[in-house]
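Peer 1: Submitted below is the structure of interest, expressed as structure tokens.
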Amino acid sequence: MEGIEKVCQFLSEAQVYYLATADGDQPRVRPFGTVLLYDGRLYIQTGKVKDVSRQIAANPKAELCAFHDGKWLRVAGELVNDDDRAVKVAMLEKFPTLKAMYSPDDENTQVLYLKDATATFSSFTEPSEVIKF
Ligand SMILES: Cc1cc2nc3c(=O)[nH]c(=O)nc-3n(C[C@H](O)[C@H](O)[C@H](O)COP(=O)(O)O)c2cc1C
């Protein structure tokens, strides 16, 4: 399995990760669950009306963290907006419950992919594994 696939699988199995952004000099963090591997990129989904989206637009540097099965994963990088409709469709297909709130053609649905990402898997018992994508 490629490194980025391993990251996507871990986040999918964890079901919840915590996404940190910068709001000026104030860190902000919140639970997220959307994750999709599409065309070799790791995407997340949000709504453009949310504070988190505004924070990313002002400063794309972000970090996420998840804990699952005795291991934790941190991914640091930049989040890049992608207006490709096909990615939004694929995201809503992977997370159909989102369809109650989002559609690929509304003005709100946003997908973003991680660029220049460093993913680090850690545990108390094994050495860390670093994956870049
Ligand atoms: C388990 C869980 C998963 C969530 N997944 C997402 C998600 O993938 N995308 C999203 O925009 N909001 C998601 N949310 C909702 C956000 O956490 C919530 O809207 C948050 O307030 C957004 O951050 P903000 O207030 O800084 O904009 C999720 C909430 C929970 C409890």
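Peer 1: With the structure loaded, tell me whether Thr125 is surrounded by fewer than 18 Cβ atoms within 10 Å (Cβ to Cβ) and either closer than 20 Å to Lys6 by Cβ or among the aromatic types (Phe, Trp, Tyr) (or both) or whether it fails that test.
Peer 2: Yes: the conditions hold for Thr125.
Peer 1: A further question follows. Filter region 36-53 down to residues that are within 21 Å of Val87 (Cβ to Cβ), near the ligand (Cβ under 8 Å from one of its atoms) and of a type outside the set (Gly, Ala, Ser), then give me how many there are.
Peer 2: Here the count works out to 5.
Peer 1: Pick from Leu73, Leu98, Leu79, Leu92: which is at pLDDT 95 or above, within 13 Å of the ligand (Cβ to nearest atom) and part of a strand (DSSP E or B)?
Peer 2: Leu79
Peer 1: Scan region 4-35 for residues that are touching a residue at least 60 places away in the same chain (Cβ under 8 Å), of a type in the set (Val, Ile, Thr) and either within 14 Å of the ligand (Cβ to nearest atom) or on the phi > 0 side of the Ramachandran plot (or both) and report the count.
Peer 2: The total comes to 1.
Peer 1: Here is a follow-up. Hey, does region 49-70 have a residue that's β-branched (Val, Ile, Thr) and under 21 Å from Glu2 (Cβ atoms)?
Peer 2: No, there is no match, as no residue in region 49-70 is β-branched (Val, Ile, Thr) and under 21 Å from Glu2 (Cβ atoms).
The values are calculated or read from the model by the stated rules, or taken from the named source; none is laboratory data. This one's a predicted model, so the numbers in the text were calculated from it and none came from an experiment. So basically every Cβ, Gly included, is an ideal-geometry build from the backbone, and we count neighbours across all protein chains shown.
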